[in-house]
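Every number in this text was worked out from the coordinates using simple rules, so none of it is lab data. Computed from a predicted model, the values in this text were never measured in an experiment. Cβ atoms come from the backbone with ideal geometry, glycine included; neighbour counts cover every protein chain shown.
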Amino acid sequence: MSGAERDGRRPAARAVIAAVADDFAELPAPPAAPRGADGPIGWPGYGEAHARARERTGEEESVVCGVGRVAGTEVVLIGFEFGFFGGSLGERTGDRLEAAYSHARERRLPVVSLVATGGSRMQEGMRALSQLQRVARQSALTRRAGLPQIAVVRDPTTGGGWATLGAGADVVLASPGAQIGFAGSRVRPPGEPAHAYTAEAQLASGHVDAVVPPAGLPAVLGRWLALLTSPAAGPVPPPFALGATTLPATGWEAVRRARSAGRPRAAAYLDAYFEWREEIVGDRCGGVDAGVLCGFGRSAGGTVGYVAQAGTATAPAGFRTAVRLLRLADRLGIPVLTLVDTPGAANDAAAERAGVGAAIAEAFAAVASAEVPITSLLIGEGGSGGALALAAPGRTWVTPDGYFSVTAPEAAAAILKRDPEQVPRTAEELRLRPQDLVELGVARAVVPPDPGVPAPHTAPPG
């Protein structure tokens, strides 16, 4: 949080807009329905307070809406003026927001909201609260039109503003130290820790995608807008293999290779495949799985979405974050790459309480129903349904380091009541090697190494 925001001197809406955008042109305010001097519910003194807010801020309402360019991308910008009744939403705020969203759909432009609000305006009662329904409808229509929405949540972003424009955006960026939450500081339960309502806490809980200092915001916004508005022509090819170049002789060798600490992991494949990328974080349900990397990257001049398992057991939050990415990419027409690498889905008591079965079902459904092409590459362990859920039917490749199995050989031996020493034999009988997967029709082919890159040294299986 900046010092100005800490002591209450928050940047004005137009200053925040000017910091991120060029060539800003304000949209005309829509005609306002006549109402009494003290507003729609006759709040005593509201008219005078409204006049003081206009004089103090130079604005007619709590939002400034217009069209500008962020790093070359034309967008509709919505800037909140916190000095105007705490950036609260009233009837005429709703009029302006509806007009801004409508303009975005007419012009096929992304929407960027620079939010700083305390929620709905008390002096307009339920007429103010009902604006949340209008905003939600406009956001839904814009989503249906296939246009991206990015929110920058500033200090503070609480109440209905967080529950619509903020949390409802496709990508949520937050100002450092900003107060963010549905409950504002004056209405929280007594004794609640203030840090639980900060940008950093919301990032840790999977409710925002990044905390971005003001100086870096224009560049980060520009990167996101470039990614979300320039899909690659799909389907995209799978990455080249980065590890072993020869096929395993036995099933157990395939398993040992996939489990080797020296095998290339998801981050190495993403770095090799993309020129640059941005991550989305969290499932928007309070969960983050560091073992599933999701986001969008630039490859060969276009944007590709990615879901990459990083070799750990995938938690429910990981599957739900993957679904969030898949559905956003599908809506924006962006092809997707999935990297499969997990010993299986998490199956402890915490995972069961968090609905791991339902989360896997959602992942299967998202892959099955996607209208954009999905390319999958098995880069390591392919443990049971937790791996298969993110593998595209008919468009899955495998590296020489990968194996796919109905379950791990150890678990299969236990299920079949075999002695532990029979695990290698079980691995052989499961036909899980890369060449077996191709022969069985599970994988299309074993991917080769990049012909232009010398083969790396690969550590022996552990």
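Quick look at the numbers
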item	result
Value in Å of the Kirkwood radius, where region 251-440 supplies the Cα pairs that are averaged	16.7
12 Å reach of a label modelled at Thr250, 7 Å along Cα-to-Cβ, counting backbone N of region 425-439	425-429
The chain, relative contact order in percent, only Cα pairs under 8 angstrom and at least six apart counted	12
With at most 14 other Cβ atoms within 10 Å, longest stretch of the chain clear of loop GluC sites (Glu not before Pro) (DSSP)	1-274
Within region 3-228: Cβ-based charge dipole about Cα centre, in debye rounded to nearest 20 (Lys, Arg +1; Asp, Glu -1)	320
C-alpha center-to-center spacing [region 426-441, region 144-183] in angstrom	47
Structure-derived log10 I(q)/I(0) by the Debye sum over Cα atoms at q = 0.10 Å⁻¹: which label, when the choices are [x] -0.86; [y] -0.68; [z] -0.76	[z]
Förster radius 51 Å - calculated FRET efficiency between Arg144 and Ile415, Cβ distance, rounded to 0.05	0.65
Most positive-pole-ward Cα, Gly216, Ala232, Ala254, against dipole of region 191-340 from beta carbon charges	Ala254
Cut-off under 5 Å, modelled amide H: who pairs with Val63 long-range	Glu81
Whole-angstrom gap from region 190-231 to region 256-270, using each part's C-alpha centre	30
Trypsin sites (Lys or Arg not before Pro) within region 403-449: DSSP coil, no more than 12 neighbouring Cβ in 10 Å	Lys417
Dipole in debye (nearest 20) - the chain, about Cα centre, beta carbon charges: Lys, Arg +1; Asp, Glu -1	500
Integer Hz, Karplus 6.51/-1.76/1.60 couplings in order for region 376-386, x for Gly and Pro	10, 10, 7, 9, x, 7, x, x, 6, x, x
Of the trypsin sites (Lys or Arg not before Pro) in region 93-164, those whose Cβ has at most 13 other Cβ within 10 Å and which sit in DSSP loop	Arg108
Size descriptor, Kirkwood hydrodynamic radius, that averages inverse alpha-carbon separations across region 3-228, Å	17.5
Region 44-174 - percent relative contact order, Cα under 8 Å, separation 6 or more	22
